[in-house]
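All remarks here apply to the structure that follows.
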Amino acid sequence: MNLALRSTTAVALAFAGLPAFADMDAARAFLDAEIERSVLSREEQENEMQWFVDAAAPFSGMEINVVSETITTHEYEANVLAPAFTAITGITVNHDLIGEGDVVEKLQTQMQSGENIYDAYINDSDLIGTHWRYQQARNLTDWMAGEGADVTNPGLNLDDFIGTQFTTGPDGKLYQLPDQQFANLYWFRYDWFTDEKNMADFEAEYGYSLGVPVNWSAYEDIAAFFTGRDLSHMGVDGEVFGHMDYGKKDPSLGWRFTDAWMSMAGMGDIGEPNGLPVDEWGIRVNENSQPVGSCVERGGATNSPAAVYAIEKYTDWLQNYAPPAAAGMTFSESGPIPSQGSIAQQMFWYTAFTADMVGDGAAAVLNDDGTPRWRMAPSPHGVYWEDGMKVGYQDAGSWTLMESTPVDRAKAAWLYAQFVTSQTVDVEKSHAGLTFIRESTIQHDSFTERADKLGGLIEFYRSPARVAWSPTGTNVPDYPKLAQLWWQNIGDASSGAKTAQEALDSLCEEQERVLERLERAGVQGDLGPVMNEPQEASYWLDQDGSPKAKIENEDEEPQTVAYDELIQSWQ
């Protein structure tokens, strides 16, 4: 049975017969029914629940509305934690689950209109540059010390969160509270890669060992090797493919690239969590963090040789090594395909799909004992990549309180945000959704016991490697306006309507038009864009760092590493 469904039933039974506005009776019923594992002792859990009961008393009877995208973690919150919170505090929570693009649209509408559409949003930390510049989101540092002090959990333990560096502005203020995190990593069929015949045949054909690809050249060789390969000696029927992706002209295609594909290729600059002065969107900022350009002629890199290389590899691999239907798929449609058993590897795979990869519908990629036939590892990097650059994306869906939300409603929503991220519930929530936000949860014994069923997820999050994966940073001054430009232009390259260079020229020009409008409007004050004057592209390409001049031979020597050696290096 689906864990969220099981838990919903258990919670409903636990609350049966209790008064609508219960207090610690409801809290104890919830702990008995749902919290089997926690980093807190039962006494500590009850103390934390007592705090919520007391802090929520002034808001009992209030009904609030919050929203998030639809992923397993948020389904657990909406189906299990929201009714529990309502029973414990008397605050009715309507937790809406909608598409990620719709979340951003609702938030943008609230910013533009000042109308309170939702009392709190779980929106990606990709909007940190937007929130910091527009100052329409409450900065939580000041909120927790001021207006929200009476509803801020003394046991919140911000130091335990692994993603607050992604939700903190250059001013040092926290603008969002992480609720779930997942990375895009490399996914592959460990059983296929360690099969003796496959290993021998690969080495005979390519002259090096089959293993986790370190660079894109090796990934491409492996994609070619497995596409159309006869794996009947392993009991695999039907056609297999060496790569999986998606290409439909849809908002999710934009995330596919703003979520660090360009940084994986090596387009931006060295720097963590994001390259400076040029980031993974190709936007350049000055020493005051003000955007100054996107096109190469202004010092940006969105249409640079490295960006063109990134898009050309994407389109070539999609056409040559992925299932034909992939070109017409969206993010959500493509996600379950590897679990069906015909895909050898996927370079751009979100760990948010891990829960589905170990579920009832994933028998094709699981052994009889439930251990996975697949593994995850760091994604390979492109020829323009250098040590010290970010090598992948980490989604950090985070709670955001808008200034346009009335104080009492913001306080009630803040209580709910803290409840669903509390140490009392976080281990159970993480087992349901496998999207980690707390160090204490990652280190919990229950995940040590479950690690061999999760294909490397726990090893990754316990390793020092995870810091090289990060969300969009503060170079992006208006995420809602700029993000929509990506899928429209990249879609032209994906469909073949434009070459990669043509699509990226159009993209960077449209980004700059938005940046110029922001500069003229002055709505972001001293933090807004101050555009560079255009110069010959050669001027910027001759400078150190990004944008980078074209590398004549973009097919570097392929390199792989044995997965077991890689994991051992993380210990």
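The values are calculated or read from the model by the stated rules, or taken from the named source; none is laboratory data. Only a predicted model underlies this, so the values are computations on that prediction, with no experimental measurement involved. We place every Cβ from the backbone using ideal geometry, glycine too, and count neighbours over all the protein chains shown. Quick note on the areas: whole protein, heavy atoms, side chains included, nothing else; ligands and nucleic acids left out. Shrake-Rupley method; radii C 1.70, N 1.55, O 1.52, S 1.80 Å.
A few points about this structure:
- Check on residue 460, in contact with a strand residue (DSSP E or B) (Cβ under 7 Å, 6 or more places away or on another chain) and part of a helix (DSSP H, G or I): yes
- Filter pass, residue 467 being over 22 Å from residue 100 (Cβ atoms) and open to solvent by 10 Å² or more (accessible area, probe 1.4 Å): yes
- Pairing residues of segment 49-77 that are within 20 Å of residue 107 (Cα to Cα) with residues that are in a helix (DSSP H, G or I) and open to solvent by 50 Å² or more (accessible area, probe 1.4 Å), at Cβ distances under 9 Å and at least 6 apart in sequence or on separate chains, gives 64/409; 65/409; 67/102; 67/106; 69/102; 70/332.
- When segment 352-387 is filtered for residues that are open to solvent by 20 Å² or more (accessible area, probe 1.4 Å) and aromatic (Phe, Trp, Tyr), the ones remaining, listed by number, are 353, 385.
- Taking each residue of segment 533-551 that is of a type in the set (Phe, Trp, Tyr) and looking for partners that are open to solvent by less than 50 Å² (accessible area, probe 1.4 Å) with beta-carbon atoms closer than 7 Å, six or more apart or interchain, yields 540/296; 540/299; 540/547.
- Within the set 196, 272, the sole residue that is surrounded by fewer than 23 Cβ atoms within 10 Å (Cβ to Cβ) and without any contact (Cβ under 8 Å) to a residue 60 or more places away in the chain turns out to be 196.
- Filtering segment 226-263 to residues that are under 25 Å from the mean Cα position of the chain (by Cα) and more than 19 Å from residue 187 (Cβ to Cβ) leaves 248, 249, 250, 251, 253, 254, 258, 262.
- Residue under evaluation residue 514, criteria (1) free of Cβ contacts under 8 Å to residues at least 60 places away in the same chain; (2) within 30 Å of residue 387 (Cβ to Cβ); (3) of a type outside the set (Phe, Trp, Tyr), criterion not met: (2)
- Condition check for residue 385: touching a residue at least 12 places away in the same chain (Cβ under 8 Å) and in a strand (DSSP E or B): no
- Summed over segment 552-570, the residues that are open to solvent by 50 Å² or more (accessible area, probe 1.4 Å) and in contact (Cβ under 8 Å) with a residue 24 or more places away in the chain give a count of 4.
- Selection from segment 136-160 of residues that are touching a helix residue (DSSP H, G or I) at 6+ places or on another chain (Cβ under 9 Å) and assigned to a loop (DSSP other than H, G, I, E, B): 136, 138, 139, 147, 148, 152, 153, 154, 155, 156, 157
- Applying the criterion of being open to solvent by 10 Å² or more (accessible area, probe 1.4 Å) and touching a Leu at 6+ places or on another chain (Cβ under 7 Å) to the residues of segment 297-324, the residue that is nearest to residue 537 (Cα to Cα) is 303.
- Test result for residue 492, open to solvent by 20 Å² or more (accessible area, probe 1.4 Å), in contact (Cβ under 8 Å) with a residue 12 or more places away in the chain, under 28 Å from residue 313 (Cβ atoms) and within 25 Å of the chain's Cα centre (by Cα): yes
- Within segment 233-245, if we keep just the residues that are assigned to a loop (DSSP other than H, G, I, E, B) and open to solvent by 10 Å² or more (accessible area, probe 1.4 Å), the residue that is farthest from residue 308 (Cα to Cα) turns out to be 235.
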